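Read the figures in this text as sums done on the coordinates, not as results from a lab. This structure is a prediction, so every number in the text was calculated from the model and none was measured. For neighbour counting, all protein chains shown are included, and Cβ atoms are generated from backbone atoms with ideal geometry for every residue, glycine included.
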Amino acid sequence: MELWIPITIAAAFSQNLRFMLQKHLKATGLSTGGATFARFVFAAPLAAVLLAVLTRANGWELPQVNGRFLTFAAMGGVAQILATMLVVALFSERNFAVGITFKKTETIQTALVGAILLGEGISGYGLLAVVIGLVGVILLSDPPEGGDGWRRFFNRAAGIGLASGALFGVSAIGYRGASLALGDGHFLMRSVFTLMCVTVFQSVIMAVWLRLREAGEIAKVVRHWRVTFLVGLTGMIGSLGWFTAFTLQNAAYVKALGQVELIFSFCASYFIFKETTTRREVLGIALVILSILVLVLFLK
């Protein structure tokens, strides 16, 4: 088995576990901002320790930071903060599996943004993927309780989910740009250095925000440290896994295999959170998965 395969599966599992923990944090009374802050505040020192171990063990020097790196890192960091907050907020609107599926529309949205901003044409397979995904998202956005007129489909949950997917796409572009801006150093060194810088930046930004807007929330994060620490740990492991897998294999194959996260989310939704999923939601999720697979495997 090629190395990138177990790394990708591990990254998807770790990412899904992090969202499960953040959903649990929301249930304990933490705000959306607090549950999001927990994702970064413990990941930063863990990434710093990993960076120190790598430099000491291998004799590597730290990469030279430049303006391009800082710009891309900041863009990716802010986008990920907003996207994570939206996903956590979505857990209060719909069940866990559907929430993760909405997030997975980031692949489709990235292709559309690339066509608009970069002038990259959409092939026949790309158009097919967009149409299939659109049908799936419409099915998912239809709330279980129904509704009248356009509100039946264009509701708060759909808007939050689609926005989170778009922002996760922006963050991915930012992180890749930041890593490439560091030059030709070892891929693991560039990945860990970028991860550390971004998580430190995110921790500071979120700490200031919570101090000004949600007094007492930081204390709640510390109070629930047993869970918040695990959120940071799983977040760091997941991010590092994605960076490494993308370095070892074509990103299209990594993204295709990464859809295994949806299987993990279904298992968590059913066995852990005891949530039910309607047949319409199952069909919608299946179509979104199909659209993403068509996109990443056949889009040229």
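Of note:
- Approximate spin-label separation LEU283-ASN66, in nm, with each point projected 7 Å along Cα-to-Cβ: 5.3
- Net +/- balance of residues flanking SER203 in space, Cβ distance below 13 Å, scoring K and R +1, D and E -1: +2
- Whole-Hz Karplus values for the stretch 46-54 come out as 5, 5, 5, 5, 4, 5, 5, 5, 5 Hz, taken residue by residue from phi with 6.51 cos²θ - 1.76 cosθ + 1.60 and θ = phi - 60°; glycine and proline positions read x.
- Whether the stretch 34-74 is rounded, prolate or oblate, judged on the alpha carbon gyration tensor where a/c under 1.5 counts as rounded: oblate
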